[in-house]
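The values are calculated or read from the model by the stated rules, or taken from the named source; none is laboratory data. Quantities reported herein were computed from a predicted structural model and do not represent experimental measurements. Quick reminder, even Gly has a Cβ in these numbers, built from the backbone with ideal geometry, and neighbours come from all protein chains shown. Note: areas computed on protein heavy atoms with side chains; ligands, DNA, RNA excluded. Shrake-Rupley method; radii C 1.70, N 1.55, O 1.52, S 1.80 Å.
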Amino acid sequence: MVCFYLFITISGFSQTTKLKKADDTFEDYAYANAIEAYEQLVDSGYTDEQIFKNLGDANYKIAKYDAAADWYSKLFKLTDVQVDADYMFRYAQSLKSTKEYAASDAWMKKFEAAKMNDKRAKKFVENQDYLKKIEARSGKYDIETLSINSPQSDFAPSFNGEQLVFSTARDSGFTSRRIHQWNNGAFLNLYISNPSESGEYLTSTRLDAILNKKTHESSTAFTKDGNTVYFTRNNSENGNFVRDDNGVSRLKIYRARLSDGVWKDIVPLPFNGDDYSAAHPALSADEKKLYFSSDMAGSLGQSDIFVVDLYEDGSVGTPKNLGNTINTEGRETFPYVTKSNTLYFASDGHPGLGGLDIFATKIDDPDDYYIVNIGKPVNSEQDDFSFIINEDSLKGFFASNRNGGIGDDDIYGFIQKEPIDLRCTTSVTGIVEDRETGEPLSGATLMVSNEQGKTVTQGATNDNGTFVVEGSCKAGAYQVTVVKNEYNEATQLFTIVQAEDTEGLKIGLEKTIKKAPTGSELTTFLNLEPVYFDLNKADIRLDASKTMVAVIEYLKKFPDLKVQVRSYTDAKAGNAYNMKLSQKRADNTLAYLRSNGVSMDRITGKGFGETQLINECDTRESCTDEKHQKNRRSVFVVVE
């Protein structure tokens, strides 16, 4: 599987033993030869820890994951060795090639226990149901192999108008070694294929020789006008390799301009380096940004996705790592950006089906990336990578080394049948009740806001008082606010962790006006003045209308309440007179209620004369008339 680096090394060793020769071959990145040498040693009886490690790693590097799993298994069966946690991760990944997901998950749990701060471990812990999620997103593509594939490696498709440009190892006898599949394959060259009248890509030809040198060329990104191309090439000078002190020729991104039908001005971009690689360029829709893969300083893992600004004068900004939501300690590579600002990339650091899987995320908000595995059949148990798509036609291409192909890597075409949902959502469920009675409340409005006070979703309760709303899955504190007529607003806090749904919220609302308990005096309960009367009179005064209207409205809100009107007098007259006067005041108060729609079976009235004075005014002379006035009143007592 041709992947992130494509390095060239110099042969020529003077090994004194087979083991030394095998080790040197492994250290020189010649993994295919190293595997053969180590296997001969094992056949001769060697069972050394380092041999098992190197056999596992060599097979892992060239994407022979089933063989890698066998050797890692032998390594972990050695009881007297302490093995680095990264071998656990690679073993877990390799097990997926034969769909041993339960065993893979078990080793990922061991990896997490040994290296809990590793981003790959955290993503596994946060997505232990990853297979269900992948299955739910699967089936959205119809795929087919292409006639342009060869028995060698074909990968890295890109669009140049209607042309399909890709990288291939065909038609060359030179030797190459690659960081992920250094298996003595040929140099990579760029080829183009034009669609037939039916839109199929049936034949291909080699791209301009000016672009194809005696080096690896791959991974192109063309501007919309076709006059500029960014592409990957080994570090070179005058068409020859330039190697570092270890004999490794790093990858660099080059830019070329088309002038009068000829590619000219081929220059490496300024952020390239001789001690790290930069590869697989991809342009943003506005062609102002270039995305690429690199292991330059600031990388989190074996290769990360970076972005750099492109300026109109041809200058280039400073590369920026896309951060640890996208990048992990593993491989993130082959970026592609659509016109809707969706980033597709290949990764083995995010939970997947095995090897490299293709993932997608919206990149409008760097603080809100949500990574989605695009599912089967694009992704498989092997390496799947270099995904591109035309969002207008919903047609695209990707490469894979899955079983059933023609060569080491093959290019597959696809049609997207359904969109991939790239929203990160969680469900918030619960019930809204009357706090006093426990009665479910329908029609209550809910608003969920984040820590910044921004509303992220809203909804309403159904007939059963329950609600289900979908909102952001971004970790943090949230607040749900509930509003309903005749009830006080209520809020409740909850926290989203690891994109888990929030269930079982129970929110009680208090009535704006509560139901008064038996024995309550409504004018006090509702903060109203009693119904006051003039001296020696029983007429309902005009200033009493505010209290009377409020009591009437309250009784309408609570139709099961029954009240007794209790009326009183001051102490200026005799007892017999005051009893009659207070009864008349009670009767007039009842008449007012009845005339305004209060049913007779809900109200009764009784006069109490001067028997329940509320102050010290127990004689005519003991108080001013203003104080006597406080005793000339009607009140409303809840009796049922």
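Would you mind giving the three semi-axes, in whole Å and largest first, of the ellipsoid equivalent to region 44-116 according to its Cα gyration tensor? Don't skip to the answer; put the middle values down first.
Details: eigenvalues 68, 47, 20 Å².
Largest first, region 44-116 gives 18, 15, 10 Å.
Enter the mean projected area of the convex hull around the alpha-carbon atoms of region 292-407, in nm², rounded to one decimal.
Working: hull surface 34.1 nm².
For the Cα atoms of region 292-407, the hull's average projected area reads 8.5 nm².
Rule-of-thumb check for region 512-640: C-alpha Rg over 2.2 N^0.38 Å? Walk me through the numbers on the way to the answer.
On the way: Rg = 14.3 Å, N = 129, 2.2 N^0.38 = 13.9 Å.
Computed over Cα atoms of region 512-640, the ratio equals 1.03.
Using the alpha-carbon atoms, what tilt in degrees (0 to 90, nearest 10) does helix 49-61 show relative to the longest principal axis of the chain?
Between the helix axis and the principal axis of the chain, the angle is about 80 degrees.
Rounding to the nearest 10 and keeping the result within 0 to 90°, find how far the Cα-based axis of helix 31-43 lies from the longest principal axis of the chain.
In the chain, helix 31-43 runs at an angle near 80 degrees to the longest axis.
So if R0 is 30 Å, what FRET efficiency would E287 and D367 give, r being the distance between their Cβ atoms, rounded to the nearest 0.05?
Approximately 0.75, to the nearest 0.05.
Sort 587-594, 452-459 by packing, meaning the average of other beta carbons within 10 Å per residue, with the highest value first.
Order by mean packing, descending: 587-594, 452-459.
Could you work out how far apart the two model spin labels at D129 and E200 are, taking each label as a point 7 Å from the Cα in the direction of the beta carbon, and quote it in nm?
Inter-label distance under the simple model: 4.3 nm.
Set the Förster radius R0 to 35 Å, insert the Cβ-Cβ distance between E616 and N527 as r into 1/(1 + (r/R0)^6), and round the FRET efficiency to 0.05.
Details: r = 25 Å, r/R0 = 0.70.
E(calc), rounded to 0.05, equals 0.90.
Using Cα pairs under 8 angstrom and six or more residues apart, how large is the relative contact order of the chain, in percent? Before the final figure, lay out each step's value.
Working: 1483 pairs, mean separation 62.7, N = 640.
Worked out over the chain, it gives 10 percent.
Run the Debye formula on the Cα coordinates of region 327-392, all scatterers equal and no solvent, and tell me log10 I(q)/I(0) at q = 0.11 1/Å.
One equal scatterer on each Cα of region 327-392 leads to -0.23.
Could you pull out the pairs from K53/K132; K454/K514; K122/K506; K64/K289; K289/K376; K484/K546 whose alpha carbons sit more than 28 Å apart here?
Values: K53/K132 32 Å; K454/K514 32 Å; K122/K506 31 Å; K64/K289 35 Å; K289/K376 30 Å; K484/K546 26 Å.
In this structure, K53/K132; K454/K514; K122/K506; K64/K289; K289/K376 exceed 28 Å between Cα atoms.
For region 297-398, what's the relative contact order in percent, using C-alpha pairs closer than 8 Å and at least 6 residues apart?
21 percent
Under 8 Å for C-alpha pairs, at least 6 residues apart: give me the relative contact order for region 432-495, rounded to a whole percent. Show your work: numbers first, answer last.
On the way: 125 pairs, mean separation 18.8, N = 64.
Here the relative contact order equals 29 percent.
With just the Cα atoms defining each centre, how far is region 30-51 from region 406-443? Give it in Å.
49 Å
Taking H as built 1.01 Å from N, whose amide H comes closer than 5 Å to the amide H of G508, not counting residues under 5 places away?
E433
When you count, for each residue, the other Cβ atoms within 10 Å and take the mean per peptide, how do 412-421, 558-567 rank with the highest first?
Details: 412-421: 14.9, 558-567: 17.9.
Answer by packing, highest mean first, reads 558-567, 412-421.
How much length is gained if the chain between D142 and T325 is pulled fully straight, taking 0.36 nm per residue apart and subtracting their Cα-Cα distance, in nm to one decimal?
Extending this stretch completely gives an extra 63.0 nm.
Within region 487-529, name every residue whose backbone N is under 17 Å away from a label modeled 7 Å from Cα of K556 along the Cβ vector.
487, 512-514
Net charge near P377, counting Lys/Arg +1 and Asp/Glu -1 over other residues with Cβ under 14 Å of its Cβ?
Working: positive: R137, K140, K376, R402, K417; negative: E135, D142, E144, D357, E381, D384, D410, E418.
Once all neighbours under 14 Å are counted, the net charge is -3.
Carbon and sulfur together cover what percent of the accessible area of region 304-397 at a 1.4 Å probe radius?
Numbers: 1290 of 2970 Å².
The computed percentage sits at 44.
Over all distinct Cα pairs, what is the inverse of the mean 1/r for region 232-371, reported as the Kirkwood hydrodynamic radius in Å? Please report the intermediate quantities before stating the final value.
Working: mean 1/r = 0.0628 Å⁻¹.
When all Cα pairs of region 232-371 are included, the Kirkwood radius is 15.9 Å.
To the nearest 0.05, how large is the calculated FRET efficiency for D48 and K109 if R₀ is 30 Å and r is the Cβ-Cβ distance? Could you put the intermediate results ahead of the total?
On the way: r = 28 Å, r/R0 = 0.93.
With R0 = 30 Å, the Cβ-Cβ based efficiency is 0.60.
To the nearest 500 deg cm²/dmol, what mean residue ellipticity at 222 nm is calculated for the chain from DSSP H runs of n ≥ 4 alone, each contributing -39,500 (n - 2.57), summed and divided by the residues? Don't skip to the end; give the middle numbers.
On the way: 12 runs with 133 residues, N = 640.
Value at 222 nm, helices only: -6500 deg cm²/dmol.
Across region 377-475, what fraction of all alpha-carbon pairs, as a whole percent, falls in each successive 10 Å bin from zero upward?
Values per bin, smallest distances first: 13, 25, 18, 17, 16, 9, 2, 0.
Which distance in nm do the two modelled labels at K546 and K506 give, with both placed 7 Å along the Cα-to-Cβ direction?
Once both label points are built, they end up 4.1 nm from each other.
Compute the distance in nm between two label points, each set 7 Å from the Cα along the Cα-to-Cβ direction, one at S442 and one at N341.
For the pair S442/N341, the computed spacing is 4.1 nm.
Would you calculate the convex hull of the Cα atoms in the chain and tell me its volume per residue in Å³? Numbers along the way, then the final one.
Details: hull volume 156.2 nm³, N = 640.
Taking only Cα atoms, the chain has a hull volume of 244 Å³ per residue.
Could you state the accessible area per residue of the chain in Å², with a 1.4 Å probe and every protein chain left in place? Mind showing how you got there, number by number?
On the way: 29250 Å² over 640 residues.
Roughly 46 Å² per residue, with all protein chains present.
Quote the charge dipole size of the chain about the Cα centre in Debye, to the nearest 20; the model charges only the Cβ of Lys and Arg (+1) and of Asp and Glu (-1).
Values: 74 positive and 94 negative charges, 441 e Å.
So the dipole magnitude of the chain works out to roughly 2120 debye.
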